[in-house]
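The values are calculated or read from the model by the stated rules, or taken from the named source; none is laboratory data. Everything numeric here is computed off the predicted structure, so don't read it as measured data. Virtual Cβ from ideal backbone geometry, glycine too; neighbours counted across all protein chains shown.
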């Protein structure tokens, strides 16, 4: 490249691939054949509001809001308070909120508080997970209101699900009727 030459996206993609880059998550499920972008939210950045991306998102900073993207990598020092909808989610940092994804990976350094709706789930030893794991054939189609909190039927007696903490896991106990 000469001094004032601009790097066009096609050349950049070829350059990155030539150096073995672009080794992020598998994005072969994209609907078009154009290369997907990887967006990064740096450690020094805090976003208050929802974040949406058509590609892969690497979150190393803090987001107070919902995230919707193709793939999410939550960095070790990252904090996310809100719900996530993505095909693939890898969590290394702190996440408080629900996740709807085809595959969810919780790595040893992560802290997750919230419900996970997934087709596949992987947890490493040392993961802190407080919530419910809800396997689903199509977790991306679960309505947001259902993912956020279970619905109650107010026509009859309220059914209460009791939970007990055992060895760091939360176990559901038999349902009881409340008066």
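Taking the condition crowded, with 23+ Cβ neighbours inside 10 Å, more than 11 Å from the chain's Cα centre (by Cα) and over 19 Å from residue 143 (Cβ atoms), does residue 63 pass?
yes
Check the range 144-159 and report whether any residue there is exposed (fewer than 12 other Cβ atoms within 10 Å of the Cβ) and either touching a helix residue (DSSP H, G or I) at 6+ places or on another chain (Cβ under 7 Å) or at pLDDT 50 or above (or both).
Checked against the condition, which is being exposed (fewer than 12 other Cβ atoms within 10 Å of the Cβ) and either touching a helix residue (DSSP H, G or I) at 6+ places or on another chain (Cβ under 7 Å) or at pLDDT 50 or above (or both), the range 144-159 yields at least one hit.
Go through the range 60-83 and give me each residue that's in contact (Cβ under 8 Å) with a residue 40 or more places away in the chain and closer than 18 Å to residue 115 by Cβ.
Within the range 60-83, just 83 meets the criteria.
Kindly indicate whether residue 101 is touching a helix residue (DSSP H, G or I) at 6+ places or on another chain (Cβ under 7 Å), assigned to a strand (DSSP E or B) and modelled with pLDDT of 95 or more.
yes
When only residues in the range 79-96 that are in a loop (DSSP other than H, G, I, E, B) and either on the phi > 0 side of the Ramachandran plot or within 9 Å of the chain's Cα centre (by Cα) (or both) count, which is surrounded by the most Cβ atoms within 10 Å (Cβ to Cβ)? Break it down stepwise before answering.
Quick first cut of the range 79-96, residues in a loop (DSSP other than H, G, I, E, B) only: 82-83, 92-93.
Going one step further and asking which of them are either on the phi > 0 side of the Ramachandran plot or within 9 Å of the chain's Cα centre (by Cα) (or both), we end up with 82-83.
Details: 82: 17, 83: 22.
For the range 79-96, the residue satisfying everything is 83.
Considering every residue within the range 105-116, establish whether at least one is surrounded by 22 or more Cβ atoms within 10 Å (Cβ to Cβ), assigned to a strand (DSSP E or B) and in contact with a helix residue (DSSP H, G or I) (Cβ under 8 Å, 6 or more places away or on another chain).
There is no residue in the range 105-116 that is surrounded by 22 or more Cβ atoms within 10 Å (Cβ to Cβ), assigned to a strand (DSSP E or B) and in contact with a helix residue (DSSP H, G or I) (Cβ under 8 Å, 6 or more places away or on another chain).
Could you tell me whether the range 39-54 includes any residue that is crowded, with 16+ Cβ neighbours inside 10 Å, farther than 20 Å from residue 111 by Cα, touching a strand residue (DSSP E or B) at 6+ places or on another chain (Cβ under 8 Å) and in contact (Cβ under 8 Å) with a residue 24 or more places away in the chain?
No, the range 39-54 has no match at all.
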